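This report refers to the structure that appears directly beneath it.
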């Protein structure tokens, strides 16, 4: 969104800052869309046994996926109500400036509501699958299959009974990849994740770390016009291949020392893209099964209740050049 510059005196500018603070306080991952079979005709547990074993094996976590289809409308109504309440106190802005301020308020409220949903822990969106041909050696010298765990960001990771601690311990995690590079205010939880990972001797990769230098990939292919730009797809593919090659299939260039765990915010889009590319390019999974797995993790039910379904995510997975992913020697 382009910023709008409005000439205000100091008092009016101070009011706007206070107003936006109030708004934030209140709000305290084929060109044709694939056909997806109805849930009752698809035995998810038969196709993805590791996903269901994961929930049973990892206490304090869950596979729940929550999508509030009415959230956008609700935040629009909330922002409009707040603006109406303070209409008499608002500076004398023109209609365009008022509209921009309203949109910013809506976005702030939406981000805060999503954060609250995530840190309640009712939508952890846990999943897991084996990565074909890859393994690690346990402390007894026994080879173990490499398992990729995926989820949304998990709530309050420093708590003794947190899903995060449980997952790292019971999932034998040695590599964590934080894929989230968006604007939902989750920095406090990401900081806690790093601290717990260090405490438990687990390698933590933040893809936004400038030293790692992996450009965001979702935003490059999120909209149709951007997706159709070959340079955008090339850059997004480079980022995805680096994440998979350097941190999923290996640990900073070395053989895996344990299982791998990655997440974004909701465990849907960034996480779904990484999972889909691995399943297709490494595990050789067919696209129809990948689509069904993707649908489950974005709360897709049918064409009327689509949850977080994004067609371009699946197109990216389907058109991704598997030659960019290294093969196990």
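The values are calculated or read from the model by the stated rules, or taken from the named source; none is laboratory data. Remember, predicted model here, so these are calculated numbers, not experimental data. Cβ placement follows ideal geometry from the backbone for every residue including glycine, while neighbour counts extend to all protein chains displayed.
Would you mind stating whether residue 214 is assigned to a loop (DSSP other than H, G, I, E, B) and within 13 Å of the chain's Cα centre (by Cα)? Here the answer is no, as residue 214 does not meet what is asked.
The requirement of being loosely packed, with under 14 Cβ neighbours inside 10 Å and either modelled with pLDDT under 95 or within 25 Å of residue 283 (Cβ to Cβ) (or both) is not satisfied by residue 236.
Does segment 244-257 include one or more residues that are under 28 Å from residue 110 (Cα atoms), within 21 Å of the chain's Cα centre (by Cα), in the same structural domain as residue 156 (by TED's automatic domain parsing) and surrounded by 15 or more Cβ atoms within 10 Å (Cβ to Cβ)?
Looking for residues that are under 28 Å from residue 110 (Cα atoms), within 21 Å of the chain's Cα centre (by Cα), in the same structural domain as residue 156 (by TED's automatic domain parsing) and surrounded by 15 or more Cβ atoms within 10 Å (Cβ to Cβ), one finds none in segment 244-257, hence no.
For segment 267-290, state whether one or more residues are in the same structural domain as residue 138 (by TED's automatic domain parsing), over 16 Å from residue 130 (Cα atoms), surrounded by fewer than 17 Cβ atoms within 10 Å (Cβ to Cβ) and over 14 Å from the mean Cα position of the chain (by Cα). Yes: one or more hits. With respect to (1) modelled with pLDDT of 85 or more; (2) surrounded by fewer than 19 Cβ atoms within 10 Å (Cβ to Cβ), the lone exception for residue 92 is condition (1).
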